[in-house]
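Encoded as structure tokens, the structure appears first; notes follow it.
The values are calculated or read from the model by the stated rules, or taken from the named source; none is laboratory data. As the structure is a computational prediction, the values presented were derived from the model and not from experiment. For neighbour counting, all protein chains shown are included, and Cβ atoms are generated from backbone atoms with ideal geometry for every residue, glycine included.
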Amino acid sequence: MGRPKATLPWQGKTMLEAVLEPLQASCEVVVVVAHPGQVLPALPADVVRVDDPPELDDQGPLVGVHAGLSALDANDAVYLAATDKPHLTTRHVNWMFERLGDSDAAVPVAPPDSPRRHRMHPLAGVLRVGPATRVISQLLGENERALRLTFERLRCNEVPVSSLPDPDVLLDCNTPADYQTALGEQDS
């Protein structure tokens, strides 16, 4: 990308700001997890920054989610968002919280014949903090780093991608081409 995704321009703001806005509208507490020393755009005063532990830095989203959960109450539920998914909406976040029901997790899943490498979209899912923290601690102790394993080990509601109110929330900007395509779509 040539620069950190969080700082990329998106609809008159940064990509990080675009993701934070719907979260702030839906959640009492918003936590941003970063690498130690990572420079981010200025965070709103009510957003909490947590850094990955230095000994586990750059070992994937499972480590980051664990660090972020540490800033929350065990009785909370949390929506997991990725900086590179700037299409996030308040409607989608609220809708996913509703899908949680009595379970410990809810996650969008693509059908088995999906062309995606992974069917599950954990960075668009919802977790109950207490149960998720326990499972992620176990996974890290087993040297696992796949976030999807958290959802597989919890009582999880799998939400069909086809039922999402805003399916574009799953589009990410992993490559410069993805980002350019997304920029072109926002202009149309």
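From the list THR89, THR14, the one residue that fits, being surrounded by 14 or more Cβ atoms within 10 Å (Cβ to Cβ), at pLDDT 95 or above and at negative phi, is THR89.
Can we say THR90 is in contact with an Asp or Glu (Cβ under 9 Å, 6 or more places away or on another chain), in contact (Cβ under 8 Å) with a residue 60 or more places away in the chain and polar (S, T, N, Q)?
On the way: in contact with an Asp or Glu (Cβ under 9 Å, 6 or more places away or on another chain): yes; in contact (Cβ under 8 Å) with a residue 60 or more places away in the chain: yes; polar (S, T, N, Q): yes.
In short, yes.
For region 126-154, filtered to residues that are surrounded by fewer than 20 Cβ atoms within 10 Å (Cβ to Cβ) and hydroxyl-bearing (Ser, Thr, Tyr), the residue that is farthest from the chain's Cα centre (by Cα) is SER137. Within the option set ASP84, ASP57, ASP52, being buried (at least 17 other Cβ atoms within 10 Å of the Cβ), modelled with pLDDT under 90 and either within 16 Å of the chain's Cα centre (by Cα) or on the phi < 0 side of the Ramachandran plot (or both) holds for one residue only, ASP52. Checking ARG49, ARG3 one by one, the residue that is without any contact (Cβ under 8 Å) to a residue 24 or more places away in the chain and closer than 22 Å to ASP178 by Cβ is ARG3 and no other.
All of LEU43, LEU123, LEU72 fail the test of being of a type in the set (A, V, I, L, M) and under 12 Å from the mean Cα position of the chain (by Cα), apart from LEU123.
Can you name every residue in region 142-151 that is modelled with pLDDT under 95 and farther than 15 Å from GLY64 by Cα? Listed by number, the list holds a single entry, GLU142.
Among the residues of region 93-136, which ones are β-branched (Val, Ile, Thr), touching a Ser or Thr at 6+ places or on another chain (Cβ under 6 Å) and in contact (Cβ under 8 Å) with a residue 60 or more places away in the chain? Show your work before the answer.
Just the residues of region 93-136 that are β-branched (Val, Ile, Thr), to begin with: 93, 107, 109, 126, 129, 133, 135-136.
Now drop any that are not touching a Ser or Thr at 6+ places or on another chain (Cβ under 6 Å), which leaves 93, 135-136.
Within region 93-136, VAL93, ILE136 meet the criteria.
The condition (being of a type in the set (S, T, N, Q), modelled with pLDDT under 95 and over 18 Å from VAL29 (Cα atoms)) is satisfied by just one residue among SER114, SER103: SER114.
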